[in-house]
Amino acid sequence: MNQTHLCNTTKIYVVNGQLPGPTIHVTDGDTVVVHVVNRLPHGLTIHWHGVRQIRSCWSDGAGFVTECPIPPGGKHMYRFNVTGQVGTLWWHAHVTCLRATVAGAFIIRPKGGRYPFPTPAKDVPIIIGEWWQLDLVELDKRMHDGNFADNPLSATINGKLGDLKNCSGKPEESFVLDVVRGETYLLRIVNTALFSEYYFKVAGHTFTVVGADGYYLTPYKTDMVTVAPGEAIDVLMAADAPPAHYHMVALANQPPEPDPQIPGFDSRGLVRYAGSSHNNNGLPVSTPLMPSQHNTMPSYYFHNNLTGLAHPDRHRVPMDVEERLYFTLGLGSICRNGTKTCQRRRSRETIVVATMNNVSFRHPTNTSLLERYYDGRTSGLYTEDLPDHPPHPYNYTDRALIPPGPLEEALEPTFKATKLRRFRYNTSVEIIFQSTALLQSDSNPMHLHGYDFFVLAMGIGNYNPKTDPEKFNYHNPQLRNTVQVPRTGWAAVRFVTDNPGMWYLHCHFEFHIIMGMATAFIVENGPTPETSLPPPPPEFKRCGSNGLTQP
């Protein structure tokens, strides 16, 4: 449908005529069935971000990983169970850049409606996104060709640009949250943006963080929430300020120079108390004081201060690690002519790509990894030799590597390949994610499909395997599906491979996905039918020769 913002009318892709898309409400233990009808001129899949999909990998909705896209005019039914998760997850398109607008909240309520905190007066999804004037399919094509010059025009809160933006002097519409003094509200904050992590504040108010990614957290009081792409953060906000109007602000952060710079993005909404006058009694509306957009340390402190709500009988951290992986996350380049020799230093002869351990993932474009794996037809499609460690150790966080130069040029060459990693069933795995400064020093929100992992620790600088394990939290770590690996820092996670299938691992910055910061984990079947991936369900549609699902 068409929407007009900033004096321009833009064609956008939506679900059921809504932006953001409809919120799905379920209860822990439910079986969920979703019918998708694709009326777009492009293929798409829908991914249920954070849903464990125990033995239902066929319904994960990862394009070309677990299924081929639903063709224009096609239909598909997703069926899966939701068990052992409570809180906020979300759903989104998982083909091209369509998730910028094809997305919505997925709320899982506890059985019996009982929370480990006072029941809020109201749930309020806060969907932070971006407004793109450029057609999202065209944006995807440009980024695949190595053109990363395009940027959104604004941030959005629940689809609204906010009154900081205007068209010919007329302010854009703002999202308004009406509250009653004395009540408490559960804000379910989701970052659906393609490009940026966001700071979120409400003037005159504080938050108590109580959950993230479908699990409870130890209550943590703060005046600002930091939410990276892919993350969902649950916070309680007490309406305890004098009745008036108060601005809420979402502000994107980004590394300072010499990193490549993009415009600053923000959006402003309004908290409006019952009984306050229409014009706030003629007084200025309070606006929160935000950090500098180039100060990324508040993100590190926020994420590092979160802990899980301890459950002694479940969610035990695996103590004996069987597989240890060290993944460096950075950029590199490949030659446009397909050779290994070309002029580097960001010349027109190269395409900048993103890597894990110096491998840039080549995504399939006409078949599904899961389907071919299940059928035993994998020859020529992928290999299972993704390196456990980077091929050439170096000072990963040396910021002299950001601008082109002799040090950077020696590390820049890389290659594209579809390299995966296979695990036996019920294997304990530890991954150290290390953000690097190679060509940029971005943070990296790493998301693993089909699993939650314990976030044991994070730090700034290079991970030290001798001293940093002393910082690991084995008592009450967060259980997350997305970990925000700090800018020029590291994060340590552990999980057990108890869910067989083909599971996508990737950075949730869209440009990093397209550039190749991704892989997939194969988890083998266990010894029993109950620990094995079942055959495709009747509703599953196989890939056709055109790379779309068959009718």
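The values are calculated or read from the model by the stated rules, or taken from the named source; none is laboratory data. Since this is a predicted model, take the numbers as computed values, not measurements. Counting neighbours? That spans all protein chains shown, and the Cβs are built from the backbone with ideal geometry, glycine included. Just so you know, the surface numbers come from the protein's heavy atoms only, side chains and all, with ligands and any DNA or RNA stripped out. Shrake-Rupley method; radii C 1.70, N 1.55, O 1.52, S 1.80 Å.
Suppose a student asked you for the relative contact order of the range 196-257, using Cα pairs under 8 Å spaced at least 6 residues apart; what percent would you report? Don't skip to the answer; put the middle values down first.
Details: 113 pairs, mean separation 29.3, N = 62.
This gives 47 percent for the range 196-257.
Return, ordered by residue number, the residues of the range 145-188 whose backbone nitrogen is under 12 Å from a label point located 7 Å along Cα→Cβ of C7. Flagged as within label range: 166-170.
Between V179 and R272, Y273, A274, the built amide H atoms are under 5 Å apart, and every one of these is 5 or more places off in sequence or on another chain. Spin-label model, D145/H475: points 7 Å from Cα along the beta carbon direction are separated by 5.6 nm.
Expressed as a whole percent, the accessible surface of the chain that belongs to carbon and sulfur atoms is 51, based on a 1.4 Å probe. Peptides 514-524, 68-78 ranked from most to least packed by the mean count of surrounding Cβ atoms within 10 Å: 514-524, 68-78.
Across the range 105-120, rounded Karplus estimates of 3J(HN,Hα) from the backbone phi angles (6.51 cos²θ - 1.76 cosθ + 1.60, θ = phi - 60°) give 7, 10, 9, 10, 8, x, 4, x, x, 9, 9, x, 8, x, 4, x Hz, Gly and Pro being marked x.
Each of the peptides 500-512, 114-126, 470-482 was scored by the mean count of other Cβ atoms within 10 Å over its residues; in descending order, highest first, they stand as 500-512, 470-482, 114-126.
Here is the short version for the chain: C57, C97, C507 have no other Cys C-beta closer than 4.7 Å. When mean projected area of the Cα convex hull in nm² is calculated for this entry, the matching label among (i) 25.1; (ii) 29.1; (iii) 32.8 is (i). Taking other residues whose beta carbon is less than 14 angstrom from the beta carbon of L153, and scoring Lys, Arg as +1 and Asp, Glu as -1, yields -3.
With a simple spin-label model that places each label point 7 Å from the Cα along the Cα-to-Cβ direction, the separation between T218 and R181 comes to 3.5 nm. Residues in the chain average 39 Å² of solvent-accessible surface per residue, probe 1.4 Å, ligands and nucleic acids excluded.
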